[in-house]
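The values are calculated or read from the model by the stated rules, or taken from the named source; none is laboratory data. Treat the numbers as computed from the prediction; the structure is a model and nothing was measured. Virtual Cβ from ideal backbone geometry, glycine too; neighbours counted across all protein chains shown. Please note that ligands, DNA and RNA were not included when accessible areas were found on the heavy atoms of the full protein model with its side chains. Shrake-Rupley method; radii C 1.70, N 1.55, O 1.52, S 1.80 Å.
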Amino acid sequence: LGPLDIITTTGQRAYLSAAKQRAALAALAVDARDVVPVDALAVAIWNHEIPPSWRTTIRNYIKRLRTALGTDGSRIVTRPSGYLLQAGDDEIDVLAFQSLRKVGLTAARQGDWARASAKFSDAEALWRGTPFADIESPGIRDAHLPYLRETLLAVLEARIDADLRLWPSRAADVIPELQRLTSHHPERERLWWQLMLALYRCGRQ
């Protein structure tokens, strides 16, 4: 959820200088724990300008990625149709974001607004900029960026709902944020409703 940043299990940062290897890893990471078909991986890497020897090249990329991610190479698993990146919920931004969002939604359904707000805030904090900003792959951005941005906005709205439920301690705090959000996303009616409610609760009718 930002520029590609790799921290190995030993706590060291790994850097991939080759742009196409970075695109391959990004494609595996954004669909972590699911099999990424080898032809989809080719599109992510070459954006429909796929070379004749692409299958061999992808195998070489995967071999190098396995080395970069750990000495035993177990992180990336070969499947009949493609490759799968193994990771826990707390090891990849996208997985951690979805896990925190799920916990926050459960807390909201139970009326635990303080916990819901905290979990949604933790999910927001995982965003370090624009996802795939340093990945030269229009295919990855087109396939995943709209969904990720929409999900982030949904989490923002859910967290603000929880904050408004914690009125009066939070209502005034979210007004500047809502003014900024409605300016950037004027089409989202829920944000306008939240802003009007926050203003009303602060006596600013």
**Complete:** Looking only at lysines whose Cα falls under 28 Å of K102's and that sit 8 or more positions away or on another chain, we get K119
**Prompt:** In deg cm²/dmol, rounded to 500, what helix-only [θ] at 222 nm does the chain give when every DSSP H run of at least 4 residues adds -39500 (n - 2.57) and the total is split over its residues?
**Reply:** -19500 deg cm²/dmol
**Request:** Can you check what the net charge comes to around D5, using other residues whose Cβ is under 9 Å from the Cβ of D5 (Lys, Arg +1; Asp, Glu -1)?
**Result:** +1
**Fill in**
Once Lys and Arg are counted +1 and Asp and Glu -1 for all other residues with Cβ under 11 Å from that of D112, the total becomes +4
**Message:** I'd like the distance between the alpha-carbon centres of the range 8-53 and the range 139-178, rounded to an integer number of Å.
**Reply:** 29
**Request:** Would you please report the Å³ per residue occupied by the convex hull of the alpha carbon atoms in the range 156-205?
**Result:** 62
**Message:** Can you tell me which lysines have their Cα less than 18 Å from the Cα of K20? Leave out same-chain residues fewer than eight positions away.
**Reply:** K63
**the chain: relative contact order in percent, alpha carbon pairs under 8 Å with at least 6 residues between** = 22
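What ratio of Cα Rg to 2.2 N^0.38 Å holds for the chain?
Working it through for the chain, the quotient is 1.22.
Report in % the part of the accessible area of the chain that belongs to carbon and sulfur, leaving out ligands and nucleic acids; probe 1.4 Å. Before the final figure, lay out each step's value.
Details: 5810 of 11430 Å².
Carbon-and-sulfur percentage of accessible area, whole number: 51.
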**Fill in**
Listed by chain and number, the residues whose amide H is under 5 Å from that of I6, excluding neighbours fewer than 5 places away on the same chain and using placed H, are A14
**Prompt:** Can you give the accessible area per residue of the chain, in Å², using a 1.4 Å probe?
**Reply:** 56
**Message:** Semi-axes of the equivalent ellipsoid for the range 1-67, please: Cα gyration tensor eigenvalues, times 5, square-rooted, ordered largest first, whole Å.
**Reply:** 21, 13, 11
